[in-house]
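Here the structure is laid out as structure tokens; the discussion comes afterwards.
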Amino acid sequence: MTSTTSSAARTDVDTSVIRPDVDTLRFATAGSVDDGKSTLVGRLLHDSKSVLTDQLEAVEHASRNRGQDTPDLALLTDGLRAEREQGITIDVAHRYFATAKRRFILADTPGHVQYTRNMVTGASTAELTIILVDARNGVVEQTRRHAAIAALLRVPHIVLAVNKMDLVGYEAKEFDRIVEDFAGHAAELDLPGFTPIPVSALVGDNVVDRSAHMDWYEGPALLEHLESVPVGGDPRGEPARFPVQYVIRHGESRHYAGQLASGSLRVGDRVTVHPSGGTSAIEGIDVLGEEVREAYAPQSLTLRLTDHLDVSRGDMITSGPDAPALTRDVRAAVCHLADRPLHVGDRVLVRHTTRTVQAVVRNLTAGEAGLHANDLGRIVLRTAEPLALDDYADCRRTGAFILIDPADGATLTAGMVDLGEAAATI
Amino acid sequence: MSHLDTLESEAVHIFREVAGEFERPVVLFSGGKDSIVMLHLALKAFAPAAVPFSLLHVDTGHNFPEVLEYRDRTVKKHGLRLHVASVQDYIDRGTLKERPDGTRNPLQTLPLTEKIQAERFDAVFGGGRRDEEKARAKERVFSLRDEFSQWDPRRQRPELWNLYNGRHAAGEHVRVFPLSNWTELDVWQYIAREGIELPEIYFAHERDVFQRAGMWLTAGEWGGPKDGETIEKRQIRYRTVGDMSCTGAVDSDAVTLHQVITEIAASRLTERGATRADDKMSEAAMEDRKREGYF
């Protein structure tokens, strides 16, 4: 392979791709086994020219070894030995690509029921989820599960990608029927809305390029939509939440280091430290070596306060009128992730922002049977120390937690705090 | 926030999480661009105080002299402590055997894992990026390793939001990858933005090289060229820095950061595909080495 000795110039270089100031969309994929999800991701990467020569050569080589005539684009993303052997995606993989308009971080998650927890993992940081269905099968149980997870994790944007349109004759009525069916489920789940797109990942219809086979579809191709959905909100409208990660002592001064979870902070702002309730004002803000007057989520920064308070890792500094709820009774929607079930009475560790506390499971929707791997449900916890909680609906960072097994450190459950009335009636 | 600011903020958050949760963290530092960026981020994360970690270099015995010089100068400049795990020591003692192909990259695993155990490091920062390789794409930011430092891709902890779970038993450790979400281009653009100094071999220069298995390797005492291989003087640079026996150079005229960035943006080859022989050994070479404890 002599080509490896030169970095042959690409003729269609778009120099805007190397602009460092473009924003980023983090998105995730979800689909049932054999819906063609890996093929869709492979097509997205391939047609957006994000697959480089050596990667494609490796796929062509592997495809030939398997007796296939055309390169199997799924092999671009199925990175583990076991995945390639079985032809299924087992674990979430992250992919990176860019266009002139935006950079993308893709969490490519498995569709199989037993790997639902990996979809939860991908959706937790995603601003958009693509739910893939096979046009021949329409909405199936896994589709409803994926929609439920997207709703539960409050992923801001949903795309319903109806794949394999080539196998249903590119018929509008097949597409419309599936969209209508999905809309019914979306309404039940309180999904904010979704964008349906008819595609054929295998052929390449409406993935990067508009399809020539579906005149009746007037919407964008998938990539056009990914390039244009709005990302990031306005942190100025949110309450300020600063979980303290680490205290940096330097001479006489103490710098509280952390990443602003939501909102903004200004020098001079009055602040409260939770759970102690101590109050002070911001004397100075440093954003990684630069002194600033104001900082925004999700910047990593250090704060100095005007008063000498006892502040340490696990505390939360907030400002503004909307204080978090300080409570030892945590009610939440959960997705159970571990193979061992979760039962009422179990002792667990709750990891919330930078704080880890002991807790006991007081109540579960699953009752005596317990929550099993990939189950969605509701939970009530009693914690040993109070936590400063927000509704997950208001803040993904300060409304989220994980449960950890104190015996072996395994991550057991993903939780989304619900402070509402409905939560009280588990 | 711009793309680079977001990545920087996320990486700093990861450094501080480890400082807050672990007893004995260490940063793998090779003098390569990814570890240089890691150190830069760590310096920013704990400013105005010093970085609360020591550094660890796995020295294959076949490192580029310019890179070792850079390594020692940097360690001294920041007043840091450097641990070295030496592959050559293991070969001299007879614990490791030189491979017939001469590459020492796979030999790094044992010195690395034994050093981790001997020093009781509980968190080990690596500069691995998920864009490098398809097995790396499956890697978590916090990756629990057992007492043998093994990675089991089917038993990884789910990783949600930015809640990293670093719980581990005595003897186990966690590999931490703050640059997980960075690409090669991000790393270069960040180096340019921050004005970070790099070893000279990353920029185009004339060097004696010879061709082996389609790659330009640096001629030297480590074992090249052999019969039938001839030395040529070429204008080259390196995209990655590793063991001289398996790290290939690319033909290049790029002598400035801007030229390097333009060249990478235009390249149709991945970083590892262009320059790493060890990844070409099999379809799952990286996965297999990671399972054994490689970084």
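Bear in mind that the values in this text are calculations on the coordinates, not laboratory data. The model shown is predicted, which means the values in this text are computed figures rather than measured ones. Counting neighbours? That spans all protein chains shown, and the Cβs are built from the backbone with ideal geometry, glycine included.
Here are a few things to note about the model shown:
- Divide the volume of the convex hull around the Cα atoms of region B:106-164 by the residue count and you get 109 Å³ per residue.
- Distant alpha-carbon pairs in region B:1-82 (separation over 23 angstrom), percent: 24 percent
- Approximate shape of region A:292-409 as ellipsoid semi-axes (Cα gyration tensor, √5λ), whole Å, largest first: 31, 15, 13
- By the count of neighbouring beta-carbon atoms within 10 Å, fewest first, A:ILE317, A:ILE131 end up ordered A:ILE317, A:ILE131.
- Evaluating kT/(6 pi eta Rh) at 20 °C and 1.002 mPa s, with the Kirkwood radius of region A:202-257 over Cα pairs in the Stokes-Einstein relation, gives 132 µm² s⁻¹.
- With contacts taken as Cα pairs under 8 Å at a separation of at least 6 residues, region A:104-235 carries a relative contact order of 20 percent.
- Listed residues A:TYR170, A:TYR115, A:TYR217, most fluctuating in chain A (Gaussian network, C-alpha, under 10 Å): A:TYR217
- Under the Debye formula (equal points on every Cα, no solvent term), log10 I(q)/I(0) of chain B at q = 0.08, 0.11 Å⁻¹: -0.33, -0.64
- Separation in nanometres of the label points that stand 7 Å from Cα toward Cβ, at B:ARG24 and A:ASP23: 4.6 nm
- Rounded FRET efficiency, nearest 0.05, which uses the C-beta distance separating A:ASP190 from A:ARG249 and R0 of 51 Å: 0.60
- When the alpha carbon gyration tensor of region A:111-193 is reduced to an equivalent ellipsoid, the three semi-axes, largest first, read 22, 14, 11 Å.
- Counting other Cβ atoms within 10 Å as a rough exposure proxy, the listed residues A:SER300, A:SER253, A:SER48 run A:SER253, A:SER48, A:SER300 from fewest neighbours to most.
- Here the convex hull built on the C-alpha positions of region A:143-235 has a volume of 105 cubic angstrom per residue.
- Legend: calculated FRET efficiency, B:ARG193 to B:LYS77, from the Cβ-Cβ distance at R0 = 35 Å, rounded to 0.05, equals 0.95.
- The C-alpha atoms of region B:184-257 occupy a region whose extents along the principal axes are 45, 21, 20 Å, arranged from largest to smallest.
- With helices as the sole contributors, chain A gives -5500 deg cm²/dmol at 222 nm; each DSSP H run of n ≥ 4 counts as -39500 (n - 2.57), and the sum is divided by every residue.
- Region B:26-73: Rg to Rh, with Rh as the Kirkwood radius over Cα pairs: 1.00
- Based on DSSP H segments of at least four residues, each scored -39500 (n - 2.57), chain B has a per-residue ellipticity at 222 nm of -10000 deg cm²/dmol.
- Considering every alpha-carbon pair of chain A, the percent of pairs per 20 Å bin, from zero through the bin containing the longest distance, is 23, 50, 25, 1.
- Cross-link partners of B:LYS97 among lysines (Cα-Cα below 25 Å; sequence separation of 8 or more within a chain): B:LYS115, B:LYS226, B:LYS280, B:LYS290
- Footprinting exposure proxy for A:VAL139, A:VAL203, A:VAL133 (fewest neighbouring C-beta atoms within 10 Å first): A:VAL203, A:VAL139, A:VAL133
- Taking 18 Å as the cut-off, the amide N atoms of region B:117-139 that come nearer than this to a point 7 Å along the Cα-to-beta-carbon line of B:PHE148 belong to B:117-118.
- Computed label-point distance, nm, for sites B:ARG120 and B:ASP227 using a 7 Å Cα→Cβ extension: 5.4 nm
- The antiparallel fraction among DSSP beta bridges confined to chain A stands at about 75%.
- Over all projection directions, the Cα-based convex hull of region B:134-273 averages an area of 11.7 nm².
- Region B:221-268: proportion of alpha-carbon pairs further apart than 13 angstrom, %: 67 percent
- The protein assembly as shown: projected area of the alpha-carbon convex hull, averaged over directions, in nm²: 31.1 nm²
- Per-bin percent of Cα-Cα distances, region B:1-137 [5 Å]: 2, 9, 17, 20, 21, 16, 9, 4, 2, 0, 0
- Where the Cα pairs of region A:188-305 fall when distances are cut into 5 Å bins, in %: 2, 9, 15, 15, 10, 7, 6, 8, 9, 8, 6, 4, 2, 0, 0
- Relative contact order of region B:176-239, pairs being alpha-carbon contacts under 8 Å that are 6 or more residues apart, as %: 34 percent
- Column: log10 I(q)/I(0), Debye, Cα scatterers of region A:258-321, q = 0.23, 0.25 Å⁻¹: -1.00, -1.19
- If the convex hull is drawn through the Cα atoms of region A:311-368, its volume per residue in Å³: 117 Å³
- If R0 is 35 Å, the Cβ-Cβ spacing of A:ASN137 and A:ARG210 corresponds to a FRET efficiency of close to 0.90.
- Computed over Cα pairs, the Kirkwood radius of region A:364-413 leads via Stokes-Einstein (1.567 mPa s, 4 °C) to a diffusion coefficient of 101 µm² per second.
- Per residue, the average separation of C-alpha pairs within less than 8 Å and at least 6 apart gives chain B a relative contact order of 20 percent.
- Take the Cα of A:ALA183, step 7 Å toward its Cβ, do the same at B:ASP101, and the gap between the two points is 5.7 nm.
- Under 5 Å from the amide H of B:ARG145 lie the amide H atoms of B:HIS173, B:VAL174, B:ARG175, each residue being 5 or more positions distant or on a separate chain, with H modelled from the backbone and absent for Pro and chain starts.
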